[in-house]
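The values are calculated or read from the model by the stated rules, or taken from the named source; none is laboratory data. This one's a predicted model, so the numbers in the text were calculated from it and none came from an experiment. Positions of Cβ are generated from backbone atoms using ideal geometry, with glycine treated the same way; all protein chains shown enter the neighbour counts.
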Amino acid sequence: MSEISKTYSPEDVEKKWYKTWEEGKYFKPRPGKQKEGYCIIMPPPNVTGRLHAGHALDITTQDALIRFKRMKGFEALWLPGMDHAGIATQTKVEELIFNEEGKKRGEYSREYFLEKTWKWVEDYGGIIALQSKTMGASPDWDYSMFTMDEGPHKAVKKAFVDLYNEGLIYQSDYIVNWDPGLQSAISDAEVEYEEVNGNFYHLNYKVKDSDELIEIATTRPETLLGDTAVSVHPDDERFKHLIGKIAIVPLCEREVPILGDDYVDMEKGTGCLKVTPGHDFNDFEIGKRHNLPIINILNKDGTLNDYGLEWKDLSCKEARKGIVKKLKELEVLLEVKPHRHQVGHGDRSKTIIEPMVSKQWFLNTKKMAKDSVEAVESDTTKFYPKGWENTYFSYQRNPRDWCISRQLWWGHQIPVFKCTSCDHQWATEEEKPTGCEKCKSSEIVQDPDVLDTWFSSGLWPFSTLGWPDKEKMIERKFDTFYPTSVLVTGHDIIFFWVARMMMMGQKFTGTVPFPKIYIHAIVRDKLGRKMSKSLNNGIDPLDMVKQYGADAFRFTLAAGSGYNRGINLDPERIGGFRNFVNKIWNAYRFIEPHLANAGKELPEELDHHERWIIGELNAVSKVMNESMEEFRYDDSCSAIYQFVYDKFCSWFIELSKTQLSGEDAEAKAQRATVLRYVFRKVVALLHPMIPFITEELWSFLKDKEEDLLIIQDYPEFSKDNEFHKDQEIMNRFIETITGIRNLRASVNIKPKEEVPVELFSDDEELVKYYSENLQNFRDLAKVGSLKVSDKSNQRPGKSAFKATTHTEIFLPLEGVIDLGEQIARLEKDLKKTEKEFLKYDKKLNNEKFMSNAPDEVKIEVRENAKEFEEKLNSIKENLQNFKS
RNA sequence: GGUCGUGUAGCUCAGUGGGAGAGCACUGCCUUGACAUGGCAGGGGUCACAAGUUCAAUCCUUGUCACGACCACCA
């Protein structure tokens, strides 16, 4: 035998099969027996991205699904793509230009920058797609889309113009999260709050024409330069009398009104609030209520502008120091109390966010959000696991208008034009309109801002399928694949992405973009911590693939994926599953020499063991189908693991050895046939999880005319293949063999040494079965001589003895065994069994139980009681016997 | 402050109103003809705590404690 190596080496196998699949166009959707499409849209990774553990899980769960559905006979499309990632990419290219040319934004033209960015995308972008291939991802790469491609760009324009003309997109001066690093507005969702150490500064503001002072607490003293009011609660007895008077803001000596406003919390701070509508969200609202002027004290880069007085051009942080010093000198500053509070940071830039008023584009999402909530409430779209609905609802039930404009260059430029001669402003899908639609002037300019990246992401499920271009929709089979079948993603982007797709999908296609949403876990390190650069606890998927093979890594991720929220990934576990993959390899090595002997079809007449393994195979097929359908990869993996390892390798292969090396040619051929049959099903069942080794083994197992495993039928459950009786007997047989082995070990019999065994049972079928399978006892438990009889017969004397609920097992080894030890062991067992028996017996004697419990429970308890009574009696009698 | 979630074997985690499970780790024995990335056998848990519902609670209810995620607030 063998050219086949003793251990499986993944590297060459993986390369070979990926190439074969890709070149053979096996990832292309092809119509199958289901006559239906099945489509998963891959969450498009950032064009700047590198494969990390989260992607690996994303890929594994989606790829397993798409491979499963492909084998089930669906026209399966996994549509890959790439996101232009406005902020991330812009930042990267700006850095590049700065490093190469020492120039900053504003020192080169928009055209130059975009040229550079496209070049960057071409040269370095999309590495992640190549990396995905090492994981065995099977999307149809020919279908791939980039969010900046012409198709999605047209979709973005169409969507924008429609929403604009409907009045849902509007432009407004409003307070937004301003990222001074990016010099752009960002959406609420892109702000992350971090706790930092700060201070409460207590300041005294003078009240005009009075000796009174009003004490105010603030964490940001520098913003007083933008104060346009002081506010107290209208019912606050302490300050009520000040309402209507004028306060004087220190430093700038600005006279501002003292207001009464319900928003003020009497309990907080000093009960007096300085109002800075230009730089605080709540103050902005107060300002609106009282028609206060808005003063912007900041430049776009976060430094102070002319309102900054002597601190002009300093950053807020710098200015604060100077201002505090000055306030102290002026004796305005009363005290400084340390205070921990949350400060917003840009999720990409990590710079401190300044609330700032500026002119931005907003999308009113109220109606769309409501529709998207209803779709989930009515189960038109279902979350798996269901709990994530709450997260989704919490965002969608209180939608704030979405700030969709970004002061960046990389992205979809807002398709709004303005006429410089008549001031008319309009949105159009035309890329380069020639003149004003009203006055026909050719003096027109396009809005310089670009759209939030998530705007184009929201259209992704249908823009990738050709929408809104009728011809493209036919070409890309919109009708077959939309709505898509399921969305698979992590919970961190339920709001960013899932909610937006739900809104846009319903808005523009009239239907939800997917009926199911599977939210997978977040990958963490083995201690449950998030993977991060600072902890240096990241696990590189490429490393894992290299070390253990893609299959083992995939199986580990799948086995850890169900309805859980986190996967704690420990490389040691991958090692464990690498061993499993190797086990499969070696199971094949065992079967291989017998393949030539094997028939194609399962024989008509199966023997007991064969019926048993077919029955177990049937059962595991059922579990696999059901669990995959519900995204319970964990259940799928443990079911197939157990079947392969335990049922197939430990028992069926072991039971087949004697047969296969025997003289009976017919029996040999039959067993070879069954082994081949079962193993072909096993690799098919496993293929979605571990595609590489299964494809490799299939190439040895398949008939010449058969195609690759990737498009073979997935094994199905069949009523004809249920063999409950054989499973029951086999389970008892396994218990008996284990019992014999246990006894051997307990009296230190060497593994090679044969022992005599006597079995007693009142189960006639079992007695018959034991008698007909003497050879199996020899093979599996080194039984030299076996005596089987019913319990009416005389038991042997001093022996190693064990009772099961159905069989008494004796190893008559007088002289070898230590009787005292045996008795001690039996007494321990007796106690345990007694306890178990009493548990059931007590119930049977409990009137309330007997009158309340359902019949099937009573029957079961009665049976259990009987079984344990039998075991109990066996132990008691024989113990007595040994003692006498 | 709110929402959701978690607490089961040394570790990582499944699970069920009626007999406590898996993988890894651990112990002992085995260089057995597929596999030492292996085989056989084994030890180990008051199912966080308390009360309640029930004939029956690890599972349902309430409370307590601990932990986590997200959201909001933050003068």
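Miscellaneous remarks
- Filter result (closer than 25 Å to residue A:67 by Cα and of a type in the set (A, V, I, L, M, F, W, C)) within segment A:459-492: A:460, A:462, A:465, A:473, A:474, A:478, A:481, A:486, A:487, A:488
- Residues of segment A:195-219 satisfying the condition of being assigned to a strand (DSSP E or B), surrounded by fewer than 16 Cβ atoms within 10 Å (Cβ to Cβ) and over 42 Å from the mean Cα position of the chain (by Cα): A:213, A:215
- Within segment A:165-177, considering residues that are away from RNA strand B (no atom under 16 Å from the Cβ) and crowded, with 17+ Cβ neighbours inside 10 Å, the one nearest to residue A:426 (Cα to Cα): A:169
- Strands (runs of 3 or more DSSP E) wholly inside segment A:384-458 containing at least 3 residues that are out of contact with any helix residue (DSSP H, G or I) (no Cβ under 7 Å at 6 or more places or on another chain) and surrounded by fewer than 16 Cβ atoms within 10 Å (Cβ to Cβ): none
- Options A:70, A:110: the member that is of a type in the set (D, E, K, R), within 23 Å of the chain's Cα centre (by Cα) and modelled with pLDDT of 90 or more: A:70
- Exclusive hit being of a type in the set (Ser, Thr, Tyr), within 10 Å of RNA strand B (Cβ to nearest atom) and within 23 Å of residue A:12 (Cβ to Cβ), set A:588, A:563: A:588
- Test: residue A:800 is within 15 Å of residue A:875 (Cβ to Cβ), of a type in the set (A, V, I, L, M, F, W, C) and surrounded by 15 or more Cβ atoms within 10 Å (Cβ to Cβ): yes
- Residue within segment A:672-694 that is within 11 Å of RNA strand B (Cβ to nearest atom) and assigned to a loop (DSSP other than H, G, I, E, B) present: no
- Among the residues of this structure, residue A:793 counts as one that is in contact (Cβ under 8 Å) with a residue 24 or more places away in the chain and surrounded by fewer than 12 Cβ atoms within 10 Å (Cβ to Cβ).
- Count of segment A:180-194 residues which are within 16 Å of RNA strand B (Cβ to nearest atom), of a type outside the set (Gly, Ala, Ser) and either in a helix (DSSP H, G or I) or surrounded by 17 or more Cβ atoms within 10 Å (Cβ to Cβ) (or both): 3
- Residue within segment A:340-357 that is out of contact with any Phe, Trp or Tyr (no Cβ under 9 Å at 6 or more places or on another chain), hydrophobic (A, V, I, L, M, F, W, C) and over 19 Å from residue A:186 (Cα atoms) present: no
- Of all residues in segment A:348-375, those that are of a type in the set (Phe, Trp, Tyr) and surrounded by fewer than 20 Cβ atoms within 10 Å (Cβ to Cβ) total 1.
- Candidates A:150, A:94 - the one that is of a type in the set (Asp, Glu) and surrounded by fewer than 21 Cβ atoms within 10 Å (Cβ to Cβ): A:150
- Residues of segment A:364-389 that are more than 16 Å from RNA strand B (Cβ to nearest atom) and of a type in the set (Asp, Glu): A:371, A:374, A:379.
- Selection status of residue A:489, more than 10 Å from RNA strand B (Cβ to nearest atom), part of a strand (DSSP E or B) and of a type in the set (Val, Ile, Thr): yes
- Residue match in segment A:780-788 (condition: assigned to a helix (DSSP H, G or I), in contact with a helix residue (DSSP H, G or I) (Cβ under 8 Å, 6 or more places away or on another chain), modelled with pLDDT of 90 or more and surrounded by 16 or more Cβ atoms within 10 Å (Cβ to Cβ)): yes
- The residue of segment A:253-274 that is surrounded by the most Cβ atoms within 10 Å (Cβ to Cβ), among those that are touching an Asp or Glu at 6+ places or on another chain (Cβ under 8 Å) and over 12 Å from residue A:233 (Cβ atoms), is A:274.
- Candidates A:280, A:265 - the one that is among the acidic types (Asp, Glu), within 44 Å of the chain's Cα centre (by Cα) and modelled with pLDDT under 85: A:265
- Each residue in segment A:310-323 was checked for being within 46 Å of the chain's Cα centre (by Cα), surrounded by 17 or more Cβ atoms within 10 Å (Cβ to Cβ) and part of a helix (DSSP H, G or I), and 3 of them qualify.
- The residue list A:720, A:726 contains one member that is more than 16 Å from RNA strand B (Cβ to nearest atom), surrounded by 13 or more Cβ atoms within 10 Å (Cβ to Cβ), closer than 20 Å to residue A:614 by Cβ and among the charged types (D, E, K, R), which is A:726.
- Residue in segment A:294-309 that is among the hydroxyl-bearing types (Ser, Thr, Tyr), over 45 Å from the mean Cα position of the chain (by Cα), within 18 Å of residue A:202 (Cα to Cα) and not in a strand (DSSP E or B) present: no
- With respect to the stated conditions, residue A:88 is touching a residue at least 60 places away in the same chain (Cβ under 8 Å) and out of contact with any Pro (no Cβ under 9 Å at 6 or more places or on another chain).
- Failed item, numbered, when residue A:704 is tested on (1) more than 37 Å from the chain's Cα centre (by Cα); (2) closer than 23 Å to residue A:604 by Cα; (3) in a loop (DSSP other than H, G, I, E, B): (2)
- The residue list A:454, A:402 contains one member that is of a type in the set (A, V, I, L, M, F, W, C) and in contact with a strand residue (DSSP E or B) (Cβ under 8 Å, 6 or more places away or on another chain), which is A:402.
- Members of segment A:225-241 that are among the hydrophobic types (A, V, I, L, M, F, W, C) and away from RNA strand B (no atom under 11 Å from the Cβ): A:225, A:229
- Residues being within 47 Å of the chain's Cα centre (by Cα) and near RNA strand B (Cβ under 8 Å from one of its atoms) - total across segment A:824-849: 5
- Residue in segment A:567-583 that is assigned to a loop (DSSP other than H, G, I, E, B), more than 7 Å from RNA strand B (Cβ to nearest atom) and at pLDDT 90 or above present: no
- Number of positions in segment A:492-506 that are β-branched (Val, Ile, Thr) and within 10 Å of RNA strand B (Cβ to nearest atom): 1
- Residue list for segment A:707-749, filter: part of a loop (DSSP other than H, G, I, E, B) and not aromatic (Phe, Trp, Tyr): A:707, A:708, A:712, A:713, A:715, A:716, A:718, A:722, A:747, A:748, A:749
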